[in-house]
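Here's the structure, in structure tokens; my notes come after.
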2 protein chains.
Amino acid sequence: MIKLEKRTEIIHAALELIAEQGFHAAPMAMIASRAGVGAGTIYRYFANKDVLITELYREIEAKILPCLLEGYIEKQPIRERFLHLSMALLRYFIIHPLYFRYLEQFFNSPYGVALRREKLLGRTEKRDAYRELFVEGVAGQVIKDLPLPVLFALSFGPLLAVTRDHVLGFIVLDDALMARTIEACWEGLKK
Amino acid sequence: MIKLEKRTEIIHAALELIAEQGFHAAPMAMIASRAGVGAGTIYRYFANKDVLITELYREIEAKILPCLLEGYIEKQPIRERFLHLSMALLRYFIIHPLYFRYLEQFFNSPYGVALRREKLLGRTEKRDAYRELFVEGVAGQVIKDLPLPVLFALSFGPLLAVTRDHVLGFIVLDDALMARTIEACWEGLKK
DNA sequence: AGTTTCGGAATGAACGTTCATTCCTATACC
DNA sequence: GGTATAGGAATGAACGTTCATTCCGAAACT
């Protein structure tokens, strides 16, 4: 339907503007014009700006999760599963830099602070995969016996930082460098 | 002088509001009222909001650097120097959570993006201490031969992440946990 | 010493701008 | 022709900034 066409255009325009320049550079009027749509039209598809922004977040999240778990083998050793998940995560963000930058903007904004709180307490597919990994690894004496948030920090901290550096053009993350970086993370994690 | 009194009040009000709630929650009128000052008075001390925010950033940065280098011994082995710097950094942020949160807001805002670019290319005292450490460590075969941004990511990524988790109340970073976290970072770094 | 004058500091109401949202008209579809 | 959809000008709230005015302590004068 044309309805979905427009909705997609609006979402995509918002994604581009926010990812490239941040929320301050994405007023509704500009989103509308980049989407080739009238300002009022946006409100036929989204109740307000908050809804648009949150919906966009959810769409991105929903696309990432399956990619991470593709080829993921529960039976493999902890180390291999960690390498797999992390490699998939980095590759995904490298292929979709707009998504990465949008997520960064989102989590570092008022929109995302509540969600971050949920993340650490509640659960998400992605975090869950990692969480299970960590819990199992700690129990099996494979991973350091540190609080879960610290294990997350040791993994996601470096991974997101190198992704940012790549997206901003400070380094070039090829498969080899990604693998070496992830391996270094693992060495921090392992017992 | 009374002049400095007011300036200090204004800076402190801005620090509190921005650190606690983000830039969106710190209009000039609110900064003024929290500082116990008229709205126009701010402009006697700062040309505009950008200047106020940047000045506040510089003041914080200037306070941190000396603390990191206190008791820092150039002659010590790389590992010990890394542990020292990192311990000092974490301790500082734990003691001054407002500074930490302000810096986070600052770097994740339009104000800070330009600066971050400078940081990675140019130089700062703090980053320089780490940078020298890394360069020396790579040359001496003590640290993995990875690009500098990756080494920074492996260090600051986890350190800032655990600090954030502590400040947000998800974990309690005591000296023992700090030391274990930093040790884990080092294991990722070392050859 | 008491009174007046003076000047910089402080003030907050007012202004212009920006933005999200609404509303009414024009258009497309059946 | 009647209904649903799109558009973009209109609206009002919020914000950073300005400026005419007030305030206050110190100098100057008697």
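See the values below:
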| read-out | value |
| --- | --- |
| Cα-centred dipole magnitude for the protein assembly as shown, charges only on beta-carbon of K, R (+1) and D, E (-1), debye, nearest 20 | 380 debye |
| At 7 Å out from Cα toward Cβ: residue A:97 inter-copy label distances (nm, ascending) | 3.7 |
| GNM result for chain A, Cα springs below 10 Å: residue of A:75, A:49, A:144 fluctuating most strongly | A:75 |
| Acute angle (nearest 10 degrees) that the helix A:110-121 long axis makes with the longest principal axis of chain A, alpha-carbon atoms | 30 degrees |
| Within 10 Å of each Cβ in B:157-168, the average number of Cβ atoms from other chains | 6 |
| Gaussian network model of chain A, Cα within-10 Å springs - most flexible of A:156, A:170, A:93 | A:170 |
| Nearest-ten-degree value, helix A:148-167 long axis tilted from longest Cα axis of chain A | 60 degrees |
| For the protein assembly as shown, calculated [θ]222 nm from helices alone, where every DSSP H run of n ≥ 4 adds -39500 (n - 2.57) | -24500 deg cm²/dmol |
| Surface accessible to a 1.4 Å probe, residue A:132 within the full protein complex, Å² | 100 Å² |
| Cross-link pairs A:75/B:144; A:63/A:191; A:191/B:191; A:75/B:191 - those with Cα-Cα distance over 22 Å | A:75/B:144; A:63/A:191; A:75/B:191 |
| Using alpha-carbon coordinates, inclination of helix A:125-139 to the longest axis of chain A, degrees | 10 degrees |
| Local net charge near residue A:26, Cβ-Cβ under 15 Å (Lys/Arg +1, Asp/Glu -1) | -3 |
| Label spacing, shortest first and in nm, from residue A:77 to its equivalents in the remaining copies (7 angstrom along Cα→Cβ) | 2.8 |
| Position residue A:43, label points 7 Å along Cα→Cβ, spacing to each other copy in nm (shortest first, one decimal) | 3.3 |
| Per residue Cα convex hull volume in Å³ - calculated over region A:63-189 | 106 Å³ |
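The values are calculated or read from the model by the stated rules, or taken from the named source; none is laboratory data. Remember, it's a predicted structure, so these values are computed and weren't measured experimentally. Positions of Cβ are generated from backbone atoms using ideal geometry, with glycine treated the same way; all protein chains shown enter the neighbour counts. Just the protein is used for accessible areas: all its heavy atoms, side chains included, with ligands, DNA and RNA removed. Shrake-Rupley method; radii C 1.70, N 1.55, O 1.52, S 1.80 Å.
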